[in-house]
Amino acid sequence: MRALVRETTLSPHDFIWPLFFSETVAEPKPIGTMPGVSQLPVSAAARVAKEATKHGLGAVILFGLPKTKDARGSSALDPNGPVPKAVAAMKDAAPGLVVMTDVCVDEYTDHGHCGILRARRDGEMEVDNDATLELLAEMALVHTRAGADVVAPSDMMDGRVARIRKALDESGFDATAILSYAVKYASGFYGPFREAVDVKIQFGDRAGYQMDPANVREALREAKLDEDEGADMLMVKPALPYLDVIRAVRESSTLPLFAYNVSGEYAMLKAAGAAGMIDYGRAMMEVLTSIRRAGADAILTYHAIEAAEALGA
């Protein structure tokens, strides 16, 4: 009876699995702050693609760890980098799997920020929004040429969706979709992720281009701007502290809406479960259900495989 009248349901197809591919490891390297998650060698891409398909996941999203970093994030444009190579291997192994890629240069810059830097009049450094747009557009093209189905800009630069859409269309990739990290907050829940991608912010923080956690109306403006620029899908990040924002964006847009159940949210459940404070499996499913209930059509989550198995997939 309870199942018959349930308002919100979960399916493995609702989950998007974030994966970290590194040029510097030959075997999976566990991430200390994210139990059960590892940096992966590109050689593991085909196996992981088959695993995602076997469990019926909706998609995967790839992040890259290059051999070298510089001030401009130049290695983000390498067609032989970890993400393009992993994309190609995954599409060969599982052609029906939807492969998304994160489009942001923080993993590739030596300063850890999400764009090219410039000096302000006071001598301090800041991210150059407009110069970064060209870099992001080329990065999206590199991933698309490798076979990515969806590119997902996460940088929060103004105008990047329009610039990426223009670059894709002009290069004949009009069918490639854009999943915009439209509503991305300057959050304290990203810590474990930065270990996962080996990002160390050398100065300041990202509050200049990520959103104030206190704002909801701003989220609606950001989502509308990206929708008008040509985004095919929108995302809210993080998920749990922003369930109200997910609901607000859901009510204001008809585009598919995703939410990112981020590394800090994942790590908290893992730590509490390991300490015997909670029933980890039950809490995991409750969290994922709450994100769907708030209005997310799909969830980016490190729980993807565990949750799919809990659902019998």
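The values are calculated or read from the model by the stated rules, or taken from the named source; none is laboratory data. All figures in this text were calculated on a predicted structure; none of them were measured in a lab. Using ideal geometry, Cβ is built from the backbone for each residue, glycine included, and neighbour counts are taken over all protein chains shown. All accessible areas refer to the heavy atoms of the entire protein, side chains included, with ligands and DNA or RNA removed. Shrake-Rupley method; radii C 1.70, N 1.55, O 1.52, S 1.80 Å.
Things to note:
- Candidate set from the range 74-97 (those that are assigned to a loop (DSSP other than H, G, I, E, B) and in contact (Cβ under 8 Å) with a residue 60 or more places away in the chain); member that is surrounded by the most Cβ atoms within 10 Å (Cβ to Cβ): Gly81
- Flag for Ala137 being among the aliphatic types (A, V, I, L, M) and part of a helix (DSSP H, G or I): yes
- If the condition is being open to solvent by 30 Å² or more (accessible area, probe 1.4 Å), farther than 20 Å from Cys114 by Cβ and not in a loop (DSSP other than H, G, I, E, B), then the range 143-165 contributes only Arg145.
- In the range 26-72, the qualifying residues are those that are assigned to a loop (DSSP other than H, G, I, E, B) and free of Cβ contacts under 8 Å to residues at least 24 places away in the same chain, and the one that is least open to solvent (accessible area, probe 1.4 Å) is Pro28.
- Positions within the range 224-279 being of a type in the set (Val, Ile, Thr) and crowded, with 22+ Cβ neighbours inside 10 Å, in sequence order: Val236, Val245, Ile246, Val249, Val262
- Test for Tyr181: is it outside any helix (DSSP H, G or I), open to solvent by less than 60 Å² (accessible area, probe 1.4 Å), within 18 Å of Cys114 (Cα to Cα) and modelled with pLDDT under 95: no
- Number of residues in the range 205-251 that are part of a loop (DSSP other than H, G, I, E, B) and touching a residue at least 40 places away in the same chain (Cβ under 8 Å) equals 9.
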